[in-house]
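Asks: Take a look at the following structure, please.
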Amino acid sequence: MKKSNRNIFTLIASLIITNCCYSQNYYQVKYKMTTLFDGLKNYEAKLTFSKKESYFEYKLFAADTTTIEKQDENGHKIIAFQNKKQQSIFINFKDKKITELRYFKSAYFVDDTLTVPQWNITNEIKTINNHQCQKATTFYKGRTYEVWYANEYPTFYGPWKLNGLPGLIILAHDKKNEVFFEAIEIQKIDENTCPIDNSIKHMSKNEFEKLIKNWQKDYEERLKSMGDRSIKFNVQFGKAVDIEIVD
């Protein structure tokens, strides 16, 4: 074999081996995650990803799971039950699908088409936690985000639903500083540790929303049947404040 051909063959073989090795490797990133839109809350958060898929999970620290009682400006009592359950987001890049673990009387896997933020990547560079990072911004799900990502970890995936950049997000926050993510530990792992429970029912996002609306309608009808039919009821269900403000 000629030397030039042998060099080309070696290069191609190296690329194939590198690609195969990468496709078999999973990375796991622990994030410091906090939210401020309904009081300061701290979460245990972790992103697991390979080339084809990702899994992001977050759960309130035990100290932040207490029930909160307060009054609004009209004197109405508001009782907030903190969600102690683990939140999970699965993303399959090949199928362009996102699956969220949602709770309403029971647990459901809610499937939807994957949407990706439209990023504005800038030339700003700075070092964060010993990683050289580049700045990007976007408006997504009702919030304006500023993020810093590291090209040394090339990946499509990020914390929560902040996907689509060419590198791993090291730091991210919204304009109001109500949502915050900071990567504090990055490690390579041998296998995917996504705990997918096959006993949980899958449904589409529209089906899940219909489930909630039907329950609200039935609840309103039950209230009407318990009272004086001459009295008009106006039952309103407020939307919980969340990271995602709009669809």
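Asks: Take the residues of the stretch 32-81 that are in contact with a Lys or Arg (Cβ under 7 Å, 6 or more places away or on another chain), among the acidic types (Asp, Glu) and assigned to a strand (DSSP E or B): which is modelled with the lowest pLDDT?
Replies: Ranking the candidates gives GLU69 first.
Asks: Here's a follow-up. In the stretch 167-177, which residues are more than 14 Å from PHE49 (Cα to Cα) and either surrounded by 21 or more Cβ atoms within 10 Å (Cβ to Cβ) or more than 15 Å from the chain's Cα centre (by Cα) (or both)?
Replies: Of everything in the stretch 167-177, those that are more than 14 Å from PHE49 (Cα to Cα) and either surrounded by 21 or more Cβ atoms within 10 Å (Cβ to Cβ) or more than 15 Å from the chain's Cα centre (by Cα) (or both) turn out to be ILE170, LEU171, ALA172, ASP174, LYS175, LYS176, ASN177.
Asks: Which ones in the stretch 178-208 are in contact with a Lys or Arg (Cβ under 7 Å, 6 or more places away or on another chain), β-branched (Val, Ile, Thr) and either buried (at least 20 other Cβ atoms within 10 Å of the Cβ) or under 30 Å from SER106 (Cβ atoms) (or both)?
Replies: Within the stretch 178-208, just VAL179 meets the criteria.
Asks: Residues TYR149, TYR140: which one is under 14 Å from the mean Cα position of the chain (by Cα) and surrounded by 20 or more Cβ atoms within 10 Å (Cβ to Cβ)?
Replies: When all the criteria are applied, what remains is TYR140.
Asks: Follow-up question, since we're still on this one. Answer with yes or no whether THR115 is assigned to a loop (DSSP other than H, G, I, E, B), free of Cβ contacts under 8 Å to residues at least 60 places away in the same chain, under 19 Å from SER54 (Cα atoms) and of a type outside the set (Asp, Glu).
Replies: So THR115 fits the description; yes.
Asks: Before we move on, is TYR140 of a type in the set (Ser, Thr, Tyr) and out of contact with any strand residue (DSSP E or B) (no Cβ under 8 Å at 6 or more places or on another chain)? First the steps, then the outcome.
Replies: Details: of a type in the set (Ser, Thr, Tyr): yes; out of contact with any strand residue (DSSP E or B) (no Cβ under 8 Å at 6 or more places or on another chain): yes.
Considered against the rule, which asks whether it is of a type in the set (Ser, Thr, Tyr) and out of contact with any strand residue (DSSP E or B) (no Cβ under 8 Å at 6 or more places or on another chain), TYR140 comes out as yes.
Asks: In addition: At pLDDT 95 or above, among the polar types (S, T, N, Q) and closer than 24 Å to ARG102 by Cβ: which single residue out of ASN163, ASN206 fits that description?
Replies: Checking each option against the conditions leaves just ASN163.
Asks: Let me ask something else about it. Filter the stretch 104-126 for residues that are at pLDDT 95 or above and either in contact with a Leu (Cβ under 7 Å, 6 or more places away or on another chain) or among the small types (Gly, Ala, Ser) (or both) and give the result.
Replies: Within the stretch 104-126, PRO117, TRP119 qualify.
Asks: Based on this model, can you work out whether TYR145 counts as of a type outside the set (Asp, Glu), under 19 Å from LYS46 (Cα atoms), modelled with pLDDT of 95 or more and not in a helix (DSSP H, G or I)? Break it down stepwise before answering.
Replies: On the way: of a type outside the set (Asp, Glu): yes; under 19 Å from LYS46 (Cα atoms): no; modelled with pLDDT of 95 or more: yes; not in a helix (DSSP H, G or I): yes.
No; evaluated as a whole, the condition is false for this residue.
Asks: Scan the stretch 209-231 and give yes if some residue there is modelled with pLDDT of 90 or more, under 27 Å from CYS133 (Cβ atoms) and either touching a His at 6+ places or on another chain (Cβ under 6 Å) or surrounded by 10 or more Cβ atoms within 10 Å (Cβ to Cβ) (or both), otherwise no.
Replies: No, there is no match, as no residue in the stretch 209-231 is modelled with pLDDT of 90 or more, under 27 Å from CYS133 (Cβ atoms) and either touching a His at 6+ places or on another chain (Cβ under 6 Å) or surrounded by 10 or more Cβ atoms within 10 Å (Cβ to Cβ) (or both).
Asks: Would you mind stating whether TYR157 is crowded, with 21+ Cβ neighbours inside 10 Å, at pLDDT 95 or above, part of a strand (DSSP E or B) and among the hydroxyl-bearing types (Ser, Thr, Tyr)? Quick ask: steps written out before the conclusion?
Replies: Numbers: crowded, with 21+ Cβ neighbours inside 10 Å: yes; at pLDDT 95 or above: yes; part of a strand (DSSP E or B): no; among the hydroxyl-bearing types (Ser, Thr, Tyr): yes.
In short, no.
Asks: Sticking with this one: For the stretch 94-137, how many residues are among the hydrophobic types (A, V, I, L, M, F, W, C), closer than 20 Å to TYR153 by Cα and surrounded by fewer than 18 Cβ atoms within 10 Å (Cβ to Cβ)? If you could, list the steps in order and put the result at the bottom.
Replies: First, the residues of the stretch 94-137 that are among the hydrophobic types (A, V, I, L, M, F, W, C): 98, 101, 104, 107, 109-110, 114, 116, 119, 121, 125, 128, 133, 136.
If we keep only those that are closer than 20 Å to TYR153 by Cα as well, we get 116, 119, 121, 125, 128, 133, 136.
Imposing the further condition that a residue be surrounded by fewer than 18 Cβ atoms within 10 Å (Cβ to Cβ) reduces the set to 116, 121, 125, 128.
Total meeting the criteria: 4.
Asks: Confirm whether PHE90 is under 21 Å from LYS201 (Cβ atoms), at pLDDT 90 or above and not small (Gly, Ala, Ser).
Replies: Answer is yes for this residue.
Asks: Answer yes or no as to whether ILE243 is at pLDDT 95 or above and either of a type in the set (Ser, Thr, Tyr) or under 19 Å from TYR58 (Cβ atoms) (or both). Don't jump to the end; show me each part of the working.
Replies: Values: at pLDDT 95 or above: no; either of a type in the set (Ser, Thr, Tyr) or under 19 Å from TYR58 (Cβ atoms) (or both): yes.
Criteria not met by ILE243.
Asks: Taking the conditions exactly as written (among the acidic types (Asp, Glu) and touching a residue at least 60 places away in the same chain (Cβ under 8 Å)), does GLU124 satisfy them or not?
Replies: Working: among the acidic types (Asp, Glu): yes; touching a residue at least 60 places away in the same chain (Cβ under 8 Å): no.
So GLU124 fails the test.
The values are calculated or read from the model by the stated rules, or taken from the named source; none is laboratory data. It should be emphasised that the depicted structure is a prediction, and the values quoted were computed from it without experimental measurement. Neighbour counts are summed over all protein chains in view; Cβ atoms, including those assigned to glycine, are modelled from backbone coordinates with ideal geometry.
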